[in-house]
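Trainee: After the structure tokens below, expect a handful of questions from me.
What follows is calculated from the coordinates using simple rules that are stated; it is not laboratory data. All values reported here derive from a predicted model rather than from experimental measurement. Note: ideal-geometry Cβ built from the backbone for every residue, glycine included; neighbour counts use all protein chains shown.
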Amino acid sequence: MIRKPTIKSWRSAEQWLLGSMALALGTVAGIWLLLDPVPMAVPHFAALVLLIASLAASLIMIGLAGRTRRQMEAMLQGRASAEARAIETLRNSEAQWKEVFEHNPVMYFMVDATGTVLSVNTFGAAQLGYSVSELLGKSVLKVFPAEEQLAAKSNVGVCLENIGQTHSWEICKVRKDGSSLWVRENAKAVRRLDNQLIVLIACEDITERKEAENALRQSEMYLAEAQRLSRTGSFGWRAGSDEIIWSEETFRIFGFDKAPSINRATVIQRIHPDDRARVLRTTGRALSEWKDFEHGYRLLMPDGSVKHVHARAHAVKDTSSGIDFVGAVSDVTARKRAEMELHEAQATLAHVTRVTALGELAASIAHEVNQPLAAVVTNAAACRRWLDRDPPDLKEARGTLESIIKDGTRAGEVIQRVRALVNKAPDQKAPLNINDVINEVISLVQHELLNHRISLQLELSPALPLAVADRVQLQQVILNLVINGIEAMQPVMDRPRELMIRTCQDEARQIMVTVKDCGVGLATENADRLFDAFFTTKSGGMGMGLSICRSIVDAHGGRLSASGNAGPGATFHFTLPLDQEGAP
Amino acid sequence: MTGRQASPSLAGAEDPIVFVIDDDSSVREALSSLFRSVGLRVEAFGSAHEFLQLKLPNVPSCLILDIRLPRVSGLDFQAELAKADIHIPVIFMTGHGDIPMTVRAMKAGAVDFLTKPFRDQDMLDAVTAAIERDRNSRDEAKVLSNLHELFATLTPRERQVMALVTTGLMNKQIAAEIGLAEITVKIHRGHIMRKMGAKSLPDLVRMAELLGIGPASGQPQT
Ligand SMILES: Nc1ncnc2c1ncn2[C@@H]1O[C@H](COP(=O)(O)OP(=O)(O)O)[C@@H](O)[C@H]1O
Ligand SMILES: [Mg+2]
């Protein structure tokens, strides 16, 4: 680059020489023309002048040529052949440098203080879709899109203000065809020998990196947006350091200000006190076994509100970051609330149908209370008479008192059972023996069975494991199935009316309850609809019984199904999972 | 649970017995205790079937029956007893809301009904009345069977004469009616009075009434 002006000045010296020769000739010609109108005596004079002029020009030329020749001779003689070789090497090196300059896959620009392109390499021009000549002498802003021009100008300005210092920046350029190109530019202003300020710029194409960066930034942005929309944050847990790295959304969910990481103890403080021990147990176990984990818990926010979250973590081994668990945590408060509302609605419905069913059983239940009550009153009267005897018969009196206690308790139990079914109690799952539940229901329907002349067959397996269930809800399921069985046998006149209730364990060792009747049976066309809400074939039916039974059994993790019998009637079965440790 | 309660042996004793049939053992035991406390013999059963296994002793007794019984209802059982010619006063126990059944029971000859829970005195009064009634009907039945036995000792002619005497005819009229001498009628009449153990003519008339002897038949109508 430095060489060009040198070559140029040398060339201008030659021009000057030719120019002065032309000037000389011109002067002679001018004089000739000026003197043209002179009389005939003049030609001699003119010829003389011309001659002198030519002579003078020749002399000058000879003098000049001679000086040059003398110079050359001196050079040739003085420097000998080593110098010649050096020059040759210089020439070669210059050509090489020129080659490098032209084809180095780096774009070079030289612009003046006003931004006019003084020079550009072929590669640089080609990268922008131009030829060198298309750019030379033009404003360099031509290769910047409108929105970058201001930045480009100020970048050059900065260089000009700090002469000799290298500055670098990233900027977007525009090709001739309008496509864009990201570059990283290194630039520096220098003062040329002629005192002119120029800016040298070398730029490398970083489009690919920039695109990757943009893509990354965009995907990060999408991720953040997705996290915000799905209310799911992510976290990384370095178990050793007790530091947790959170995404923005995780900070938002937990209600902390964004920070690079957060201390585990701080996080634990935010967990609902009732859930804290359980969370620590889960994470502690995951840590010691270094296994994936998943759990739901509540957060108690500073304003007293409660959030429900669900977290899942995957055990990883990333030695570079030291992260042991990577996971996601979702704010499921809205879903939990909806679930709770649905559950509430279902419970209300179940309650209504339960009370309706009990209403139908009122006479039977009244009888169940009245029997022990009658016994109590009679025993009390007998007791008084034993005591009134002379002497009082204390042994008999005591016997009647024992009976009174027993029967009073029995009446109380019936009432309590009815009250439990009538009450709208919240879920109370506890380990229970299904056989007990069945016996409790039977005590309420005994007389209903009697009135319908139905004989009850009980086959309760004595060695059943416990099931974790809500007693009242299971009573309702069994009650519904029994009432349906009773109703299905109402029209039966030609055979004994038999209802069977059986408990056993199925092949999967789940508890299975079977209620079988010999009633009208199931019509195949109704098989799919039996469990639909409001499906009924009874004139006074509500059609809610089986639908509620199924939702209760489902909520217990079991299955309720119906099948026809080989003989007359229908069979309903439901299963219940066992009271397993760690069951959700 | 067997329905039998500890009680003195049935054989030999002449004391009245109360029978109880209820499928609920509590009620059964309570009633047993009540009756025993007033010195009544009691036999309790869980079902009508168990009761029927028993050979009923010939003493004044009554039956207390729950109107709702498994398998055979109290009402059906009452009908069954009547068909089997077992005459025992029945007291029904009913629950609330069993009014239609109660009406049917009364029509079918139940002596009383009590709604559970009942007052002990009401129950004892009902039982006492029922036993009294049973004793009376048993006494009547005994008198009747004695009369039948005495009547059986009469000759056919004497039966004929007795029928005519008890309708109020004079000896002369009877003699004319059946073509005997008046004196012969008089002798027959003496035999009849002696054989039947009648102290007077009105006494004999009452006996004829009990035996259902009409002038046309001369035979007892039972
Ligand atoms: N044991 C059964 N035998 C025959 N059909 C039955 C039996 N249980 C239920 N069904 C059928 O399923 C329908 C829905 O039952 P359910 O949901 O309990 O409502 P509802 O008893 O009010 O009709 C009944 O109307 C009847 O057609
Ligand atoms: Mg139903």
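Trainee: Using 1/(1 + (r/R0)^6) with R0 = 56 angstrom and r between the beta carbons of B:Ile88 and A:Cys504, what's the FRET efficiency to the nearest 0.05? Intermediate results must be reported in sequence, preceding the final value.
Mentor: Values: r = 47 Å, r/R0 = 0.84.
Here the calculated transfer efficiency is 0.75.
Trainee: Summing +1 for each Lys or Arg and -1 for each Asp or Glu, what net charge is found among the other residues whose Cβ lies under 13 Å from the Cβ of A:Asn92?
Mentor: Working: positive: A:Arg85, A:Arg91, A:Lys98; negative: A:Glu88, A:Glu94, A:Glu99.
Neighbour charge sum, excluding A:Asn92 itself: 0.
Trainee: Out of residues 5 or more away from A:Arg192 or on other chains, whose amide H comes under 5 Å of its own, with H placed 1.01 Å from N in the peptide plane?
Mentor: A:Leu197, A:Ile198
Trainee: Order B:129-142, A:205-218 from most to least packed using the mean count of other Cβ atoms within 10 Å. Walk me through the intermediate numbers first.
Mentor: On the way: B:129-142: 14.7, A:205-218: 12.3.
Packing order, densest peptide first, comes out as B:129-142, A:205-218.
Trainee: What does the average come to when, for each residue of peptide A:396-409, you count the partner chain Cβ atoms lying within 10 Å of its Cβ?
Mentor: On the way: counts 3, 2, 0, 2, 5, 0, 0, 5, 2, 0, 2, 5, 0, 0.
That works out to 2 on average.
Trainee: In deg cm²/dmol and to the nearest 500, what is the mean residue ellipticity at 222 nm of chain A if only DSSP H runs of at least 4 residues count, each as -39500 (n - 2.57), divided by the residue total? Working shown, then result.
Mentor: Working: 15 runs with 307 residues, N = 584.
Using -39500 (n - 2.57) per qualifying helix, the result is -18000 deg cm²/dmol.
Trainee: What's the average, rounded to a whole number, of partner chain beta-carbon atoms within 10 Å of each residue's beta-carbon in B:87-95?
Mentor: Values: counts 0, 0, 0, 0, 0, 0, 1, 0, 7.
Per residue, the number of nearby Cβ atoms from other chains is 1 on average.
Trainee: Stretched out fully, how many nm does the piece from A:Ser305 to A:Ala82 gain, at 0.36 nm a residue minus the Cα gap? List each step's numbers first, then the result.
Mentor: Working: separation 223, 0.36 × 223 = 80.28 nm, distance 9.28 nm.
Result for the pair: 71.0 nm of gain on full extension.
Trainee: Filter the cross-link list A:Lys516/A:Lys538; A:Lys406/A:Lys516; A:Lys138/A:Lys188; A:Lys336/A:Lys538; A:Lys173/A:Lys258 down to pairs whose alpha-carbon distance in this structure exceeds 27 Å. Before the final figure, lay out the partial values.
Mentor: Numbers: A:Lys516/A:Lys538 19 Å; A:Lys406/A:Lys516 33 Å; A:Lys138/A:Lys188 20 Å; A:Lys336/A:Lys538 37 Å; A:Lys173/A:Lys258 36 Å.
In this structure, A:Lys406/A:Lys516; A:Lys336/A:Lys538; A:Lys173/A:Lys258 exceed 27 Å between Cα atoms.
Trainee: Where in chain A are the helices, taken as whole DSSP H runs, whose Cα atoms extend 30 angstrom or more along the long axis and whose Kyte-Doolittle mean reaches at least 1.0?
Mentor: none
Trainee: Residue by residue through B:22-29, how many Cβ atoms from other chains fall within 10 Å of the Cβ on average?
Mentor: Numbers: counts 3, 3, 8, 3, 14, 9, 1, 9.
Counting Cβ atoms of other protein chains within 10 Å of each residue's Cβ and averaging gives 6.
Trainee: Continuing with this model, one more query. Would you mind getting the Kirkwood hydrodynamic radius of chain A from its Cα pairs, rounded to one decimal in Å? If you can, show how the numbers build up before the last one.
Mentor: Details: mean 1/r = 0.0277 Å⁻¹.
Over chain A, the inverse of the mean reciprocal pair distance is 36.1 Å.
Trainee: Further, regarding this structure: Tell me the label-point distance for the pair B:Lys107, B:Asp15, using the 7 Å Cα-to-Cβ offset, in nm and rounded to one decimal.
Mentor: Going by the 7 Å Cα→Cβ label model, 4.0 nm.
Trainee: Can you tell which of B:Ala163, B:Ile174, B:Gln121 lies farthest toward the positive end of the dipole of the stretch B:96-189, using +1 and -1 charges on the Cβ of basic and acidic side chains (Lys, Arg; Asp, Glu)?
Mentor: After comparing all options, I get B:Ile174.
Trainee: Enumerate the calculated ³J(HN,Hα) couplings along the stretch A:293-308 in order (Karplus 6.51 cos²θ - 1.76 cosθ + 1.60, θ = phi - 60°), each rounded to whole Hz, writing x wherever the residue is Gly or Pro.
Mentor: Per residue, the Karplus-derived 3J(HN,Hα) values read 9, 8, 7, x, 7, 10, 10, 9, 7, x, 7, x, 6, 10, 10, 9 Hz.
Trainee: What distance in nm lies between label points placed 7 Å from Cα along the C-beta direction at B:Ala79 and A:Glu99?
Mentor: Rounded to a tenth, the inter-label distance reads 12.9 nm.
Trainee: What FRET efficiency do you get for A:Glu402 and A:Ser320 if R0 is 60 Å and r is their Cβ-Cβ distance, rounded to the nearest 0.05?
Mentor: Working: r = 79 Å, r/R0 = 1.32.
Efficiency at R0 = 60 Å is approximately 0.15.
Trainee: Whole-Hz ³J(HN,Hα) for each residue in the stretch B:176-183, computed from phi via Karplus 6.51 cos²θ - 1.76 cosθ + 1.60 with θ = phi - 60°, x for glycine and proline: what do you get?
Mentor: Along the stretch B:176-183, the couplings run 5, 4, 9, x, 10, 6, 4, 5 Hz.
Trainee: Considering only the other residues whose Cβ falls under 10 Å of the Cβ of A:Ser330, what net charge follows from Lys and Arg at +1 and Asp and Glu at -1?
Mentor: Numbers: positive: A:Arg231, A:Arg312, A:Arg335; negative: A:Glu249, A:Asp331.
Net local charge, A:Ser330 excluded: +1.
Trainee: Given an 8 Å cut-off on Cα distances and at least 6 residues of separation, report the relative contact order of chain A as a percent. Please list the in-between numbers first.
Mentor: On the way: 796 pairs, mean separation 35.0, N = 584.
It comes to 6 percent, rounded to a whole number.
Trainee: Tally Lys and Arg at +1 and Asp and Glu at -1 over the other residues with C-beta under 12 Å from the C-beta of B:Arg104: what net charge comes out?
Mentor: Once positives and negatives cancel, what remains is -1.
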